[in-house]
Structures are given as structure tokens and as C-alpha cells.
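J.: The structure that follows is given in the form of C-alpha cells.
The values are calculated or read from the model by the stated rules, or taken from the named source; none is laboratory data. A quick note: this is a predicted structure, and the numbers were derived from the prediction, not measured. So basically every Cβ, Gly included, is an ideal-geometry build from the backbone, and we count neighbours across all protein chains shown. What goes into the accessible areas is simple: the full protein's heavy atoms, side chains included, and nothing from ligands, DNA or RNA. Shrake-Rupley method; radii C 1.70, N 1.55, O 1.52, S 1.80 Å.
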Amino acid sequence: MKILEYLQNYDGKPLRFMEVCGTHTAEIHRNGIPALLPPSIELVSGPGCPVCVTVSAYIDRLIELGMDPKNCIVTFGDMLRVPGSSISLSEARAKGCSVRMVYSPMDALKLAKEDPEHVYIFAAVGFETTTPVYALLVQEALEQGVKNLRLLTSLKVMPPAIDWICAHNFPDAYSAGEISDPARGQIFRGNRESGRIHGFLAPGHVSVITGSRAFVPLAEKYGLPFVVAGFEGEEILAAIAALVKLQGQGRVLNMYPSAVTEEGNTAAQERVDRFFEPCDAAWRGIGVIADSGRKLRKEYEAFDAGSAELMEDTGGNPACRCAQVLMGRIRPRECPLFGKVCTPQTPQGACMVSTEGSCFSCWQSEGL
Ligand code: SF4
């Protein structure tokens, strides 16, 4: 395969690329891509898993709301085991917190209609990809006159987070020492001393909604290449090869044209803009990033379960290094808890819970 040959024969300066899509993270590990790359090309994961970047205060608030007998929390399954500052939703359920797991946000509408005596609060977590579905949910609730449905939002948009990462392009180095990496059968080396990111695999699903043009200002501002990639192993490898070739160029290349256009899904963008407006948002491990979130507009505040105050990220296992993992500063196995205290069965941080989390993906593909 020519692309693989090209990458494996690469002998230029060490390069480090970040993927910022949880599905890319999962597929990169599932396809064993780190092991296919030469030591001088390294991939790190960014804050691309929506569950992983949700702050502990959000989980705490869900638990608080679910403990009120008049409420029921509705959520996707992967939110259940995310640690809050002390316990997860799943543990809270054992203590009487009312929680229903669903597969679609629209299921919350059905639950609310069937049981008007209770308030159903959907844990609305996600990026640009899922926000249009929440907009549709509010629209349907409005049109059907459903008044016992709320959203507790922790909605994020990706470009401001990438901007933050570029602006903080890892000035501080890693902890010293060698770390074994079974995926490559070697010790980490390459460009970890500088820790700089040299390009991004732009998030595929997010780009479907935003369009590839969403990353042009970032590419130009920081002089870094962004490649929009599909999700097959070959597509990811081709995108990595393109990033290598685009070194030194601040431009965006769309290598997923079957799903991503330059302008994106404008109908979805308009629906989101009707119901949501920009707001500051807190990212687990990073902190508050200006205009990186979406909240319900004032005219739809009747559907808001009180999302505005969720800016803190406290508690949890103090040794968990999700923050550094989410910023691409360390690999999961550099966390001292990885595979020891923290496993998918006993997650200590959000990155080990979600199937799109870096720690979970690393554990699944490489083990301890
Ligand atoms: Fe957190 Fe576990 Fe990942 Fe360590 S291995 S960073 S404790 S989720």
C-alpha cells in the first residue's frame, strides 16, 4: 500500500498530529494505526469525546435533580458511569436517583408524554453533531405542547477548543522518563520533548454539520494544516499522509467529500441557531473557554433545567490525569492509574468510560 509505504519511509522531522473526534480515536486504535506509523510520526487524542469533556459539576447536578421525586433523568448509557465529584449517576441510581437510559433524545419526549406527573430532564451532552437533535426535540415538545420536558445542557462547539489548544500549543514538556509503549514495541521517542502539535485530523462528524470551512480561520491563524478525514483505516492513514505533506501550510483539506461539504449542513445550522445561542463553557481539565458552548435561548428557557451554573470541575480521583489526556499532553498509559486502579470495569475518569474515550480505546486495543 503506497500510503503506508510513504508513511513508514518518512524520515523528516518528528511530527505530532492530534485527532479531535472520539470516533477517530476509537478507529485509530481499532485499526492499530499507532503501530503502523514510524517513531517520528505520533498521534495524540484531543478533547473530541463529548462525555469525556463534561465537567463533574454537570454529573453532580444531574444527580441532584434526579434525587428530587418529581424528576426523572433521561440519558444515554455512557453517561451513567462517568464519575461526578463523588459518585456517578449509576451509583446514585442505587441510592434512589431516578434515571432512565435511552438510545435517542426523542425517547425523552415519549416518556414525558406518557407520564405528565413527572418532569423528564434529558442530559443534553454533545458537540455540533448532536445539538441539532436537541433542537428538534425542543421543537417537537413545543409543537406537541409537552411541558414536562427539560434539557440540562453541556453542549460544546469544537473550533474554540481547538483554538485554545493551538494557543497553548504545549509549551511545557512532559514528565521526564521513558514510557514503554506495547503498541509500537518500543519506548516513546520523537518529538515529545517539544510537545508541539503539527496538524489536526479535523473531526469528521462535526465537519458534516459545520462544513470544512469552520477550520479555515484556525489553519490560517496558526499556520497549521487541518485534514477532514473519513473513518475507515485507509482514510485515516491517507489523512495522516496528507498532514505530513502539508507541513508548514495553514490550510484545510477535505478528504471526506462524500459526507462533508465546505458549507456543511445549513439546515441543521439554522435549526440550532433558532433554539440555541453561544455561551462560555467549561471543559473537563481545560477550564472555561469563551463562546465554546451552546445554551437555550431566553425564549426557550422553560425547557432549561438550570444549565448556566455548571462551570466547576471538582472532586474525583486526584491522581486521574484525564485533563492532560484530553489536551494531548500525555498518552493514557502515562497516567499512573491506567490499567491498575483504572480499567473499563473500574473507571476513575471519564476517559475510561466512553467507548470514544482515549483511555478506553487504548485499553481496548493494547491492554495494560
Ligand atoms: Fe483518568 Fe483512568 Fe485515564 Fe488515568 S487512565 S487519565 S484515571 S480515565
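J.: Taking a probe of 1.4 Å, how large is the accessible area per residue of the range 1-137, in Å²?
T.: Details: 5220 Å² over 137 residues.
Solvent-accessible surface per residue comes out at 38 Å².
J.: Using the alpha-carbon atoms, what tilt in degrees (0 to 90, nearest 10) does helix 158-167 show relative to the longest principal axis of the chain?
T.: 40 degrees
J.: Using only the Cα atoms of the range 36-109, what do you get for the radius of gyration and for Dmax, in Å?
T.: Both quantities, over Cα of the range 36-109: 16.3, 57 Å.
J.: Quick one: grab Rg to one decimal and Dmax as a whole number for the chain, Cα atoms only, in Å.
T.: Over the chain's Cα set, Rg and Dmax evaluate to 20.5, 66 Å.
J.: Oh, and also: Could you tell me which of the pairs LYS95/LYS156; LYS156/LYS221; LYS70/LYS295; LYS2/LYS340; LYS245/LYS340 are separated by over 32 angstrom between their Cα atoms in the structure shown?
T.: LYS2/LYS340; LYS245/LYS340
J.: Given bins 10 angstrom wide, list per bin the percent of all Cα-Cα distances in the range 1-147, short to long.
T.: With a bin width of 10 Å, the distribution comes to 10, 30, 25, 16, 12, 6, 1.
J.: Assuming R0 = 30 Å, can you tell me the calculated FRET efficiency for the pair HIS168 and SER85, based on Cβ-Cβ distance, to the nearest 0.05? Numbers along the way, then the final one.
T.: On the way: r = 25 Å, r/R0 = 0.84.
That gives a FRET efficiency of 0.75.
J.: Now, a different point. Are there trypsin sites (Lys or Arg not before Pro) in the range 90-166 that DSSP puts in a loop and that have at most 10 other Cβ atoms within 10 Å, and which ones? Numbers along the way, then the final one.
T.: On the way: sites: ARG93, LYS95, ARG100, LYS110, LYS113, LYS147, ARG150, LYS156; in loops: LYS95, LYS147.
For trypsin sites (Lys or Arg not before Pro) across the range 90-166 that sit outside H, G, I, E and B with at most 10 neighbouring Cβ atoms in 10 Å, the list reads LYS95.
J.: If the range 190-345 were replaced by its equivalent ellipsoid, with semi-axes equal to the square roots of 5 times the Cα gyration tensor eigenvalues, what would those be, largest first, whole Å? Mind showing how you got there, number by number?
T.: Values: eigenvalues 158, 146, 43 Å².
Sorted largest first and rounded, they come to 28, 27, 15 Å.
J.: What distance in nm lies between label points placed 7 Å from Cα along the C-beta direction at GLU64 and ALA319?
T.: Output for this residue pair reads 3.0 nm.
J.: Now, a different point. Compute the whole-percent fraction of alpha carbon pairs in the range 213-259 spaced more than 13 Å apart. Don't jump to the answer; show the numbers that get you there.
T.: Numbers: 555 of 1081 pairs.
Summing the P(r) of the range 213-259 above 13 Å gives 51 percent of all pairs.
J.: Just for the Cα atoms in the range 99-151, what are the lengths along the principal axes, largest first, rounded to whole Å?
T.: Largest first, the range 99-151 extends 32, 25, 14 Å along its Cα principal axes.
J.: Continuing with this model, one more query. Taking 20 °C and 1.002 mPa s as the conditions, I'd like the Stokes-Einstein D for the range 63-174 in µm²/s, using the Kirkwood hydrodynamic radius from alpha carbon pairs.
T.: Details: Rh = 15.5 Å.
D = 138 µm²/s.
J.: Additional query: On a 0 to 90 degree scale, rounded to 10, what angle separates helix 233-245 from the longest Cα axis of the chain?
T.: It works out to around 60 degrees.
J.: Take the alpha-carbon centre of the range 344-359, take the same for the range 149-165, and report the distance between them in whole Å.
T.: 20 Å
J.: Whenever you get a sec, compute what percent of the accessible area on the chain sits on carbon and sulfur atoms (1.4 Å probe).
T.: On the way: 7730 of 15130 Å².
Answer for the chain: carbon and sulfur cover 51 percent of the accessible area.
J.: Another question, if that's okay. So how tilted is helix 56-67 from the main axis of the chain? Cα-based, degrees 0 to 90, rounded to 10.
T.: So the helix axis and the longest Cα principal axis differ by about 20 degrees.
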